[in-house]
Amino acid sequence: MTSHAAIPVDLRSPGIDQTDLQTAMSNDMTITTSVLALLELDADKVLLVDDEPIMITALTDPIECAGFKVASCSTGTAALELLEQEFRPIMVVDRSMPELDGIELCREIRRRNWPGYVYIILHTGRDDEADILEGLQAGADDYVSKRSSIAQLMARLRTAQRVTALERSLKGAIQERSRIANTDALTGAPNRRYFNRRMARDVRASGRSGKPLSLLLLDIDHFKSINDRFGHGTGDEILVQLVERLRSLLPRDCDWLARLGGEEFAIVLPFTGTSGARKVAERLRRGVAEHPMRTARGEHRITVSIGVGSADNLDSLSTGVVDDLLTQADAFLYVSKKSGRNRTCASTDHVQPVAASPDARPS
């Protein structure tokens, strides 16, 4: 049995986030179940920024009793540093502070990028209309007078908590929809849509670095006969296991695969020339052939055929590279099929690539 030796380094270049208080809390809006789950992430983390230690102490205890996790600092500069180290989505900020005051701190926070939205409550004794408007225009979300009751501050904090949790929920929903749109439902592998978008990025990266890029097209041999004889359920089990096995055999984190459709897969090898790509292809081919796939209807040994396409010395403005790689890899895949299957073909094999439509390719 052939061992799965690692690809030599020189052939594979490395790829270059109290009564008043109880009254306020009891009047909270109902938070949905999905949002409650997100509160565990960051929406209960509060940062107090005030240069008066007495005020920090007076606010910390009731806020913590309300279930928030409180951190504090005495300057705006320290607040920015703390946010960079440990993101906190809710801030209660004193307006008048040395160095960086509350207004400038709001502006600076809005100028920067953060893992999520930062909800800022200005907490100050300066509460005439002009001061309130200035604070809101600087980027604050709310404005609470230090003469207000603790219940008012708690109610504002709960509002901030709901807003930041909902922001997280919305962002999570968008990310999940994107994941579903770019993922093959059966195998969990990236789909053709993902392949097209990421390949374009990888081509640009290779062009900027001056490094080669390789693409493998891999097709399961005689897959139709497996479906015909054992049913599509067995075929589906094999496809799922094949993706798991291929992923385990890829040498580097930057190498990735996608299901293009049916039993055909693309494996992308950034910063890899033809020789290195062929070695990886052989590693994958042997890894599939040497161990059977276990299904509900027994073990099935399968083989795969692979075609290798490579592009060297890419220009960062190259166009049509993805199509060229697909055409090249598909031509060599056709040669692998015509030559008996369970094999790899690339330009280094000194064989003549054959252009053929997928319908004409042997199974």
(request) Kindly list the number of the only condition in (1) at pLDDT 95 or above; (2) within 27 Å of residue 307 (Cα to Cα); (3) more than 25 Å from the chain's Cα centre (by Cα) that fails for residue 228. (result) (1)
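Would you point out which residue out of 48, 38, 80, 21 is at pLDDT 95 or above and assigned to a helix (DSSP H, G or I)?
On the way: 48 fails: assigned to a helix (DSSP H, G or I); 38 fails: at pLDDT 95 or above; 21 fails: at pLDDT 95 or above.
Being at pLDDT 95 or above and assigned to a helix (DSSP H, G or I) holds for just one of 48, 38, 80, 21, which is 80.
I'd like to know if region 193-209 contains one or more residues that are in contact with a helix residue (DSSP H, G or I) (Cβ under 6 Å, 6 or more places away or on another chain) and of a type in the set (S, T, N, Q). Quick ask: steps written out before the conclusion?
Of region 193-209, the ones in contact with a helix residue (DSSP H, G or I) (Cβ under 6 Å, 6 or more places away or on another chain) are 199, 203.
Then keep just the ones that are of a type in the set (S, T, N, Q); that gives none.
No - not one qualifying residue is present in region 193-209.
Residues are listed down the side, and each one gets a yes or a no for (1) in a helix (DSSP H, G or I); (2) over 22 Å from residue 56 (Cα atoms); (3) among the small types (Gly, Ala, Ser); (4) within 20 Å of the chain's Cα centre (by Cα):
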| site | (1), (2), (3), (4) |
| --- | --- |
| 134 | yes, yes, no, no |
| 143 | no, no, no, no |
| 148 | no, no, yes, no |
| 154 | yes, no, no, no |
| 158 | yes, no, no, no |
| 168 | yes, yes, no, yes |
| 177 | yes, yes, no, yes |
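Residues in region 206-215: is at least one surrounded by fewer than 16 Cβ atoms within 10 Å (Cβ to Cβ) and in the same structural domain as residue 289 (by TED's automatic domain parsing)? Walk me through it before giving the result.
Within region 206-215, the first condition is being surrounded by fewer than 16 Cβ atoms within 10 Å (Cβ to Cβ), and the residues that meet it are 208, 210.
With in the same structural domain as residue 289 (by TED's automatic domain parsing) added as a condition, the list becomes 208, 210.
Yes; the residues of region 206-215 include at least one that is surrounded by fewer than 16 Cβ atoms within 10 Å (Cβ to Cβ) and in the same structural domain as residue 289 (by TED's automatic domain parsing).
So that you can scan it fast, the table gives a plain yes or no per residue for (1) within 24 Å of residue 86 (Cα to Cα); (2) at pLDDT below 95; (3) of a type outside the set (Val, Ile, Thr); (4) out of contact with any strand residue (DSSP E or B) (no Cβ under 7 Å at 6 or more places or on another chain):
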site	(1), (2), (3), (4)
133	no, yes, yes, yes
141	yes, no, yes, no
146	no, yes, yes, no
171	yes, yes, yes, yes
175	yes, yes, yes, yes
178	no, yes, yes, yes
181	no, yes, yes, yes
(request) Give the residue that is surrounded by the most Cβ atoms within 10 Å (Cβ to Cβ), with candidates limited to residues of region 107-118 that are among the hydrophobic types (A, V, I, L, M, F, W, C) and more than 14 Å from residue 77 (Cβ to Cβ). (result) 118
(message) Anything in region 329-353 that is assigned to a helix (DSSP H, G or I) and hydrophobic (A, V, I, L, M, F, W, C)? List them, or say none.
(response) 329, 331, 332, 333, 335
(request) Can you work out which of the residues in region 216-232 that are touching a strand residue (DSSP E or B) at 6+ places or on another chain (Cβ under 8 Å) and not acidic (Asp, Glu) is surrounded by the fewest Cβ atoms within 10 Å (Cβ to Cβ)? (result) 230
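The values are calculated or read from the model by the stated rules, or taken from the named source; none is laboratory data. Computed from a predicted model, the values in this text were never measured in an experiment. Counting neighbours? That spans all protein chains shown, and the Cβs are built from the backbone with ideal geometry, glycine included.
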